[in-house]
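Where a number appears in this text, it was derived from the coordinates with a stated rule and is not lab data. All values derive from a computational prediction rather than experimental measurement. When we count neighbours, we look across all protein chains shown, and the Cβ atoms used for this are built from the backbone with ideal geometry, even at glycine.
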Amino acid sequence: MKKIWIAIAKLGGWKFILPDKGSRPEVDRCVFAVAPHTSSADYMVGTAYLWQVSKNGKIFIKKEYFKGPLAPILRHLGCISIDRGNRKNDMVGTAVHEFAKGGSLSIAITPEGTRKPTKRWKRGFWEIAHQAGVPIVPAFLDFSRKEIYLGEAIWTTDDQEADILKIRSLFKKEMAKHPENFVEVSDQKAAPQDEVENNQTIKQSSNQ
């Protein structure tokens, strides 16, 4: 099944840029931050690449995909169901627990958490890496070139906002399948989300 999935992606023109064997040991214990995420096609090409680059790669997928005959196939392929609308769903704790068992484990997450434009990434990928003591490895889905490749490993610090901004700044709008749905940031300090939302509210009120 995995070989067929990979073959389909490559027949679609995708080029998987893989690190030389043994040159990136961190990819066997890391959190992959996969972006830009603007289409359902991201899952197919992303998982196909993950299976080639990691010994034991897992990917979180929202529960809506785990319906009917597709559910056992996704579980067999290493996909983990996640209920994004349930705050009691401890995705971070589950992932950290799995890392604590030791051995090879890489988890791929799309930090945007949605295919729609979003100004603020979900923080779970950072929390998992920070608590588990593993690096974050950026994984680029470049639809403009039909290439998937990895960036340098990034270890978390005590400054969550700065770490996430640093990672976000690596991804560019032109990489996305739907560029209009990806919010690009610079590597400069961005305004906190609460401040951005308050400013928008003030502007809307002044226009009324």
Report summary line: Here the net charge surrounding residue 149, from other residues whose Cβ is less than 12 Å away from its Cβ (Lys, Arg +1; Asp, Glu -1), is +1
Report summary line: Given 170-177, 75-82, 3-10, the highest-first ranking by average Cβ count within 10 Å works out to 170-177, 75-82, 3-10
Report summary line: Connecting every pair of Cα atoms under 10 Å apart in the chain and solving the GNM, the largest mean-square fluctuation among 115, 168, 29 falls on 115
Query raised in the report: Could the peptides 65-73, 37-45 be put in order, highest first, of the mean number of other beta-carbon atoms found within 10 Å of their residues?
Result: 37-45, 65-73
**Report entry** Loop sites in region 120-155: chymotrypsin sites (Phe, Trp or Tyr not before Pro), DSSP, at most 14 other Cβ within 10 Å
**Finding:** 155
Report task. Identify the GluC sites (Glu not before Pro) of region 39-139 meeting these criteria: DSSP loop state and at most 15 other C-beta atoms within 10 Å of the C-beta. Result -> none
Report summary line: Matching label for the computed volume of the Cα convex hull per residue in Å³, out of [x] 147; [y] 123; [z] 186, is [x]
Query - Greater than 30 Å apart at Cα, pairs in 10/67; 101/146; 21/62; 2/119 - result: 101/146; 21/62; 2/119
Query raised in the report: So what's the net charge close to residue 182: Lys and Arg +1, Asp and Glu -1, counting the other residues with Cβ under 14 Å from its Cβ?
Result: +2
Requested in this report: Answer rounded, prolate or oblate for region 100-149, using the Cα gyration tensor with square roots of eigenvalues a ≥ b ≥ c: rounded when a/c is under 1.5, else prolate when a/b is larger than b/c, else oblate.
Outcome: oblate
Requested in this report: Grab the DSSP H runs of the chain that are 4 residues or longer, score each as -39,500 (n - 2.57), total them, divide by all residues and round the 222 nm result to the nearest 500 deg cm²/dmol.
Outcome: -10500 deg cm²/dmol
